[in-house]
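Below is one structure; the comments refer to it alone.
The values are calculated or read from the model by the stated rules, or taken from the named source; none is laboratory data. Remember, predicted model here, so these are calculated numbers, not experimental data. Please note: Cβ atoms are built from the backbone with ideal geometry, for glycine as well, and neighbour counts cover all protein chains shown. Note: accessible area is taken over every heavy atom of the protein model, side chains too, but ligands, DNA and RNA are not part of it. Shrake-Rupley method; radii C 1.70, N 1.55, O 1.52, S 1.80 Å.
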Amino acid sequence: MVSTLSKSFAAAAAFGLLALVPAQASAQDKCALSIQPAQDQWTIRFNPLEDDVAQRSFDVLMVNTGSTPCNGNILASLQGDPFGLAGVSGVARVRYALVDVDFGGADITPRTGESARRPGSSVSIQKGAQQLARVTFAAFPDAGVAQGLYTQVVNLSLQQANGTVHAIRPVTLALDLAASAAIGLKGEFTRPQGTAMIDLGELTEGARPLNTSLYVHSTGGYRVSISSANLGRLRQGTTAWYVDYNLKVGTRDVNLQRTDTINVVSQTARKDDYPLSVMIGDVAGKRAGEYSDTLTFTVAAI
């Protein structure tokens, strides 16, 4: 009896020892993934007065140093912030979208704090392998959004349908909205040979509106510079005959004896119109003919 019991015990012990081997091997066989974006900040530089869309694509490298495949879907989540690219305090957030281009073209935008869960697995990185993925980042600034940098940090991850997360990597999304301004005329004028011309008709002394406005569109503050080729004189050709005049831009009297400026300081985008008017000086005794001057308006963002 003693001998039989000893044999039975030894067999059981051996069986238990054999059962530990596959369990240890299973614990060692696992996915070991890292997410390596080419840049830690994804920046879109955008001029709303020149560019049609604010969009760029960025590459992400996923590297599996483990001994089993890493399967899942690329997702994005926020770090507790409200959704949207944030600028200076008090400025509305800018909406954006993230699209997983290479793996199904799925929208992975974290509008509610994280991407919508996706069924199945669109990505499979084999053991010891790496996989390149491309994500498109598009921003949608509303009309009137001011110049400046708008950012949000998102966490990119590879996640299984059951919620298991293989890897997380933070990336800063940035919209660099350029300081820019555009200027032009609207109302009554013509463009012979590409240059705007305002016909004053018969010159008579006194004030008159021109039924023409100077407009400025900008992403913030700006400076308008105004200069007169004849220093505030309507001149007959190349002769010495001239008629003095003054110019008003909106409510501002412009000094045409030098280059004058109008400065507008603003933390918000602008769309301003300035009606133009002139005051014609003494025309008595002037020779008949056409009198003209060339005004130059330029604008610069500040």
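Within region 123-147, can you find the residues that are of a type outside the set (Val, Ile, Thr) and crowded, with 17+ Cβ neighbours inside 10 Å?
Gln131, Ala133, Phe137, Ala138, Ala139, Pro141, Ala146, Gln147
Inspection of region 100-116 finds no residue satisfying the criterion of being among the charged types (D, E, K, R) and in contact (Cβ under 8 Å) with a residue 40 or more places away in the chain. What do you reckon, is Thr261 part of a strand (DSSP E or B) and closer than 23 Å to Thr296 by Cα? Criteria met by Thr261. Restricting attention to region 117-143, the residues being over 15 Å from Leu156 (Cβ atoms) and hydrophobic (A, V, I, L, M, F, W, C) number 5. Does Leu185 meet the test of being modelled with pLDDT of 95 or more and either surrounded by 16 or more Cβ atoms within 10 Å (Cβ to Cβ) or of a type in the set (Lys, Arg) (or both)? The answer is yes for Leu185.
If the condition is being under 22 Å from the mean Cα position of the chain (by Cα) and over 17 Å from Leu173 (Cβ atoms), then region 52-87 contributes only Asp52. When Tyr242 is tested against (1) surrounded by 15 or more Cβ atoms within 10 Å (Cβ to Cβ); (2) closer than 30 Å to Asp176 by Cβ, exactly one condition is not met: (2).
Tell me, please, whether a residue that is open to solvent by less than 70 Å² (accessible area, probe 1.4 Å) and at positive phi can be found in region 170-182. No; the residues of region 170-182 include none that is open to solvent by less than 70 Å² (accessible area, probe 1.4 Å) and at positive phi. Residues that are touching a Gly at 6+ places or on another chain (Cβ under 6 Å) number at least 3 in the following strands (runs of 3 or more DSSP E) confined to region 110-195: 148-159. Answer yes if at least one residue in region 84-97 is touching a residue at least 24 places away in the same chain (Cβ under 8 Å), open to solvent by less than 30 Å² (accessible area, probe 1.4 Å) and more than 30 Å from Asp272 (Cα to Cα), and no otherwise. Yes: region 84-97 contains one or more residues that are touching a residue at least 24 places away in the same chain (Cβ under 8 Å), open to solvent by less than 30 Å² (accessible area, probe 1.4 Å) and more than 30 Å from Asp272 (Cα to Cα).
Being within 27 Å of Gly281 (Cα to Cα) and in contact (Cβ under 8 Å) with a residue 40 or more places away in the chain holds for only one residue in Gly232, Gly201, Gly144, Gly221, and it is Gly232.
Quick one: is Asp273 part of a loop (DSSP other than H, G, I, E, B) and of a type in the set (D, E, K, R)?
Numbers: part of a loop (DSSP other than H, G, I, E, B): no; of a type in the set (D, E, K, R): yes.
Spelling it out, it is not the case that Asp273 is part of a loop (DSSP other than H, G, I, E, B) and of a type in the set (D, E, K, R).
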